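**Q** Okay, handing you the structure first.
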Amino acid sequence: MKIASKEYVIKRLTELMITPKKKFSQNFLTDYETVVESVNALNLTDGDTVIEVGPGLGALSQELLDRKANLYAYEIDPNMYSHLKDVFKWSSTFHLENIDFMKVDLKPFEGKPIKFISNVPYNITTPLIEKVVTSSLDVKCFEFMVQKEVYDRIKAKVGSKDYAPLNIFIEYVGKLSVVKKVNKMHYIPAPNVDSIVLKIEFTNKDRLDKEVEKEFVKLTKACFLMRRKTILNNLNAYFNSKEKAQKVLLEAGIKENERAEDICLDDYLKLAKISFFWK
C-alpha cells in the first residue's frame, strides 16, 4: 500500500495510537500523484544522494527509496522515527536520524552533489530554507512544500514589504519555480489553506568565496534587522561605527537613506565584498 493515501495514514496512525502533533506542524500527505510529481522534479538517477527533512510517515521516502536514492532522512518526532525505522528496514540506502534538522551538521556532505526535499514543517519554513541555501554544500536543487501565503512572501520582489533576506538568498543561488499546487484536502489533518510544491535550482556558478559568502549572509540579515530604519542605521549597528557604515555605502554607491527592502541582490553583494575586504 502506498503511504500517501488516506487509508494508509488513518490505519497507521490508529495502529501507532497517536494523533498529529501541532508542535511539529504535522500534516500527512494523502495524494500519491503529488508524491510522484515531486520526486519526478528532482530528476533522480540511481544512487543520487538525497536529504529529506521531516519524512513523517514516509510518503516521499517510499518513492525515493523505490527509485534507488541514497536517502538521508531527519525526523524530530520519536514516534515517526520508530515507524520509519520499521517500515524501511528492508532498505540498505536509508539512513535515518531522530534529530531536529536545524541542529544537523552538514559538513560530512561537503564535496558531493546533494538534492534536498521536504514536506516542510510550516513553523520552520524560513530558517530551514535559509540553512540550505546558505550552506557550503554542492546543492543541486531543493524542493519543498509550503502553504500559499508563505509562497507569496518567497516570491516577493525588491521594493515589496515582504522582500526579505530569504528572497535575496534564493535569487543568489539560482531560480525558484512552482512544481505543483496541492489542495488542502490532500492532507490529514487538513491545513487551513492550500499548499504549493516549490523547487529552487542552484544554477549560480559564480558564487562568492566561502568566507565572503558568510559575510554576505550575515550583513544582509543585519540590514533587515530593523526594517523601519535606513540602511545607514542598520549598518551602523552592524559595524558599531557610523563612519565605517558611511564609507562602505559610499564605495558601494548606495544612498544612506535607502531601506533594506529597496536594495537589490547586486547591491548586497557589493556591500558584502567591501565589508569583508575592509576587515
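The values are calculated or read from the model by the stated rules, or taken from the named source; none is laboratory data. In this text, all values refer to a predicted model and were calculated from it rather than measured experimentally. Backbone-built Cβ (ideal geometry, glycine too); neighbour counts: all protein chains shown.
**Q** Considering every residue within the stretch 39-54, establish whether at least one is assigned by TED's automatic domain parsing to the domain that holds ASN192, crowded, with 23+ Cβ neighbours inside 10 Å and charged (D, E, K, R).
**A** Yes, because at least one residue in the stretch 39-54 is assigned by TED's automatic domain parsing to the domain that holds ASN192, crowded, with 23+ Cβ neighbours inside 10 Å and charged (D, E, K, R).
**Q** OK, next. Among the residues of the stretch 218-240, how many are within 17 Å of CYS264 (Cβ to Cβ) and surrounded by fewer than 15 Cβ atoms within 10 Å (Cβ to Cβ)?
**A** Residues in the stretch 218-240 being within 17 Å of CYS264 (Cβ to Cβ) and surrounded by fewer than 15 Cβ atoms within 10 Å (Cβ to Cβ): 1 in total.
**Q** Given (1) within 18 Å of ARG153 (Cα to Cα); (2) in the same structural domain as SER25 (by TED's automatic domain parsing); (3) in contact (Cβ under 8 Å) with a residue 24 or more places away in the chain; (4) out of contact with any Ser or Thr (no Cβ under 7 Å at 6 or more places or on another chain), identify the lone condition not met by GLY174.
**A** Single failed check for GLY174: (4).
**Q** Among the listed residues GLU215, GLU256, which satisfies the condition of being surrounded by 13 or more Cβ atoms within 10 Å (Cβ to Cβ), in contact with a Leu (Cβ under 6 Å, 6 or more places away or on another chain) and charged (D, E, K, R)? Walk me through how you get there before you give the answer.
**A** Values: GLU215 fails: in contact with a Leu (Cβ under 6 Å, 6 or more places away or on another chain).
Answer to the selection: GLU256.
**Q** While we're looking at this one, here's another question. If you check VAL139 against the conditions, is it within 20 Å of LEU64 (Cβ to Cβ) and without any contact (Cβ under 8 Å) to a residue 60 or more places away in the chain?
**A** When the stated conditions are applied, VAL139 does not pass them.
Rundown of residues vs (1) within 26 Å of GLU143 (Cα to Cα); (2) touching a strand residue (DSSP E or B) at 6+ places or on another chain (Cβ under 7 Å); (3) of a type in the set (A, V, I, L, M), yes/no style:
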site	(1), (2), (3)
GLU171	yes, no, no
ILE188	yes, yes, yes
ASN192	yes, no, no
LYS214	yes, no, no
LYS229	no, no, no
LYS242	no, no, no
VAL248	no, no, yes
ARG259	no, no, no
LEU269	yes, no, yes
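**Q** Let me ask something else about it. Please name all residue pairs, on different chains or six or more residues apart, with Cβ atoms under 7 Å, provided the first residue is in the stretch 217-246 and is assigned by TED's automatic domain parsing to the domain that holds LEU271 and the second residue is surrounded by 17 or more Cβ atoms within 10 Å (Cβ to Cβ) and hydroxyl-bearing (Ser, Thr, Tyr).
**A** VAL217/THR134; LEU219/TYR238; LEU219/SER275; THR220/TYR268; ALA222/TYR238
**Q** So, one more: Which residues, counting only those in the stretch 121-178, are polar (S, T, N, Q) and either under 24 Å from PHE28 (Cα atoms) or surrounded by fewer than 16 Cβ atoms within 10 Å (Cβ to Cβ) (or both)? Break it down into steps so the answer makes sense when it comes.
**A** First, the residues of the stretch 121-178 that are polar (S, T, N, Q): 123, 125-126, 134-136, 147, 160, 167, 177.
Within the stretch 121-178, ASN123, THR125, THR126, SER136, GLN147, SER160, SER177 meet the criteria.
**Q** Now for a separate question. Restricting to the stretch 211-229, name every residue that is assigned to a helix (DSSP H, G or I) and either of a type in the set (Val, Ile, Thr) or more than 21 Å from ILE129 (Cβ to Cβ) (or both).
**A** Matches in the stretch 211-229: GLU211, VAL212, VAL217, THR220.
**Q** Inside the stretch 247-264, can you point out the residues that are free of Cβ contacts under 8 Å to residues at least 40 places away in the same chain and either assigned to a loop (DSSP other than H, G, I, E, B) or of a type in the set (Ser, Thr, Tyr) (or both)?
**A** GLY253, ILE254, LYS255, GLU256, ASN257, GLU258, ARG259
**Q** For the stretch 156-208, which positions are within 14 Å of the chain's Cα centre (by Cα) and in a loop (DSSP other than H, G, I, E, B)?
**A** GLY174, PHE202
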